[in-house]
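Everything on this sheet refers to the single structure shown next.
The values are calculated or read from the model by the stated rules, or taken from the named source; none is laboratory data. On a predicted model such as this, the values are computed, not experimentally measured, just so you know. Here the Cβ positions follow ideal geometry from the backbone for every residue, glycine too, while neighbour counts run over all protein chains shown. The accessibility values were calculated without ligands, DNA or RNA, using every heavy atom of the protein model including side chains. Shrake-Rupley method; radii C 1.70, N 1.55, O 1.52, S 1.80 Å.
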2 protein chains.
Amino acid sequence: MSGFDSNDLLGRPSAWLDASGDENEIVLSSRVRIARNLNGHRFTHNCDNTELEAILGKSLGAARRTRAFARSRYIAMGEISTLDRQLLAERHLVSRDFLHNSASRGVIFTPDEGTSLMINEEDHLRIQGFAAGFDVGGAFRRANDLDDQLAPDVEIAYHERLGFLTACPTNLGTGMRVSVLVHLPGLVHSKEIHKLLESLRKLNHSIRGLFGEGSEVMGNFFQLSNSAALGTPEDVIVKNLREMVVKVIQYERRSRELLFSKAQRLLEDKVWRAYGLLRYARSVNTKEALSLISAVRLGVGAGLVRDVSIQTLNELVVYIQPAHLQKRRGTTMDAQERDVARAECIRDALMKR
Amino acid sequence: MSGFDSNDLLGRPSAWLDASGDENEIVLSSRVRIARNLNGHRFTHNCDNTELEAILGKSLGAARRTRAFARSRYIAMGEISTLDRQLLAERHLVSRDFLHNSASRGVIFTPDEGTSLMINEEDHLRIQGFAAGFDVGGAFRRANDLDDQLAPDVEIAYHERLGFLTACPTNLGTGMRVSVLVHLPGLVHSKEIHKLLESLRKLNHSIRGLFGEGSEVMGNFFQLSNSAALGTPEDVIVKNLREMVVKVIQYERRSRELLFSKAQRLLEDKVWRAYGLLRYARSVNTKEALSLISAVRLGVGAGLVRDVSIQTLNELVVYIQPAHLQKRRGTTMDAQERDVARAECIRDALMKR
């Protein structure tokens, strides 16, 4: 059932990191997640193994019959190493929840990693659609397509008044979460970020770090998403989030322009120092690396740094994570060794371009 | 009498920075200074202008007849700009004292800047001999040669029991100060420097920063010299200082070896980060620049950094000083502008090799 070789993933970046989409200086990627549960089964956290296996059997059967997964292989969490699970989490293919709970749980995804399905996460089915840059519509189409392809084969729990039933009430209704991964160094430097985040929260959007709920904000990367899925049709959720992001992009652009007009020298220095450190440091932890990548990314956006691409920087955000570093080196490493490997990984990436 | 064009100096480094001498990873240069005063005149600080002019006339007359200065031009401090005076001070050709007192004062030096004579500094005559690297003997020969060439033409104040008379009692006797400019990052990092400096002080040696008395120690560069000139023959002063420096070199070498064996990664990272910052920073103040140069210099000494030479780094220590930066740019600059010019000067120097 397994035969998964995570090294296959290492050689190629996730397609949604390729900076091909709109507004890629600010928006790294767009994502739509749809939560679904099978009728006649308890929610995952209440299931025993037998029931989990039953859900898995039905779900995987349906998934295997979809066009989307015609060339995909199911990866059972229980059959791969902790490091491989972590690798999948770093690529946003599975949630961090899968790191600890693995029995009768797994994931199947398209070769470009743009469409994926987690089975027996918080909900029985977690469908994800990814798109590069600012393309919420594209991400929605991918997720929605898979949802449509799965529907004929599984009976989904649906309530006429409440909509799709989900394990957590915040997902009730559409079961949908739309999110964008944005890079907001301008708003952070100008200290306007707090005001912005506050008003987003008031408008029922939620803000997270690079790796979702509870993860620290590093490198000025933020995940912005809708908070409540109930009572709003899917297309309106997409439209609302899209409009919100358009505004955030405007604010960020204005902040960057202001910063560069008011503190050109200081900013240029900051950008180039970050570039110099990334090119030559021999040891760097994740937090500092992301902060340096952030500064260089700002410099690329401003046309200062020309020999690094946004794509390279996007890929680095994932490649410098612990599991990626360890799989790349083919050995487990402690934090200090990873810092050294991280610096090497970054140097390699910057020298290539 | 003047016609001095400081731009002539900008194009070429002082010969004693060329890293050609012994132990140049640790010792940048050796210097011998001899203080002399003319018989029948008050010390400089007690002279009126007429007397200063008389001393200047006699001294300069004698200097012009020496072989050493056959191709040299006298530079009158009163006839050049403040910036030019500062430039000469940064090259160690005049003391900082000359920045404020300029009337009837001046300097004459050989084209390679290895032998120089200040007239009407603290003493009527201040002879200096410079040599690259650890070559106290070479520096002494240069200074002593000039002393010998001047002697027939001027009557030097000498007391049978006290020796050469000088304005400051610490110079009484031989009037000689021998010093070396050393780079001691190993001893600073290992924190052994304090103990070493303490014991040097007890042994009557004195320790100063890059620019002599009262100047801050930056970039782990120290000037070590003999403190008292009385009661010890010249050759013994030279011998004592040489032996002391041999020990300091041993200590520094051992510290560097220990550091690299105990904290290889940390040190490599420090060295390469410094290199990256020097290659890419857009603004850097003197203190940080010297600290970064120090780290890279340590890396060159350890064979880590191969595409920068010790000579380049030695020259940078002088070239990044304020007057050099301003003369190079052909305009006066405030501190912020100098920081930008300094970063550019360093980038240029590192790209060249």
Taking the protein assembly as shown and counting helices only, DSSP H stretches of n ≥ 4 at -39,500 (n - 2.57) each over all residues, the nearest-500 ellipticity at 222 nm comes to -14500 deg cm²/dmol
For segment B:268-291, which residues drop by 40 square angstrom or more in accessible area between the chain on its own and all protein chains together (1.4 Å probe)? B:Asp269, B:Trp272, B:Arg273, B:Leu277, B:Tyr280, B:Arg282
Just the Kirkwood number for the protein assembly as shown, please: inverse of mean 1/r across all distinct Cα pairs, in Å, one decimal. 30.2
Percentage of Cα-Cα pair distances in segment A:1-65 greater than 18 Å, rounded to whole percent? 63
Partner aspartates and glutamates whose C-alpha sits under 20 Å from that of B:Lys247, ignoring same-chain residues fewer than 8 away, are B:Asp22, B:Glu23, B:Glu25, B:Asp135, B:Glu192, B:Glu198, B:Asp235, B:Glu257
Measuring with a 1.4 Å probe in the full set of protein chains, what accessible area per residue, in whole Å², belongs to segment A:263-352? 36
If you line up the Cα atoms of segment B:263-352 on their principal axes, what length do they span on each, largest first, in Å? 43, 21, 17
Quick one: angle between helix B:310-319 and the longest Cα principal axis of chain B, in degrees between 0 and 90, rounded to 10, please. 60
With every protein chain kept in place and a 1.4 Å probe, the residues A:Ile207, A:Ile75 fall, from largest accessible area down, as A:Ile207, A:Ile75
Quantify how strongly other chains surround peptide A:259-266 by giving the mean number of their Cβ atoms within 10 Å of each of its Cβ atoms. 1
Using the Kirkwood formula over every pair of different C-alpha atoms, what hydrodynamic radius in Å results for segment A:31-86? 13.3
If I compute solvent accessible area with a 1.4 Å probe over the protein chains, what percent of it on chain A is carbon and sulfur? 48
May I ask you to derive the relative contact order of chain B, considering only C-alpha pairs under 8 Å and at least 6 residues apart, and to give it as an integer percent? 19
At 1.4 Å probe size, with every protein chain present, just tell me what the per residue accessible area of segment A:37-104 comes to in Å². 48
Ratio to report: Rg/Rh of segment B:1-151, with Cα atoms as the point set and Rh obtained by the Kirkwood method; give two decimals. 0.96
Do the alpha carbons of any pairs in B:Lys239/B:Lys287; A:Lys195/A:Lys239; A:Lys195/A:Lys262; A:Lys191/A:Lys287 sit beyond 28 Å of each other, and which pairs? B:Lys239/B:Lys287
Accessible-area ranking of A:Arg329, B:Arg33, B:Arg64, largest first, probe 1.4 Å: B:Arg64, A:Arg329, B:Arg33
Report, in debye and to the nearest 20, how large the dipole of the protein assembly as shown comes out about its Cα centre when Lys and Arg carry +1 and Asp and Glu carry -1 on their Cβ. 140
Helix A:136-150 axis, angle to chain A major axis (alpha carbon atoms, nearest 10°): 20
Rg and Dmax of segment B:7-257 over Cα atoms: what are they, in angstrom? 17.9, 58
Would you work out the Kirkwood radius for segment B:221-313? I mean one over the mean of 1/r across all pairs of different Cα atoms, in Å. 15.5
Put the label 7 Å from Cα along Cα→Cβ for B:Tyr158; what are its distances to the other copies, in nanometres, shortest first? 11.4
Chains A and B: buried accessible surface, both sides, probe 1.4 Å, rounded to 100 Å²? 1700
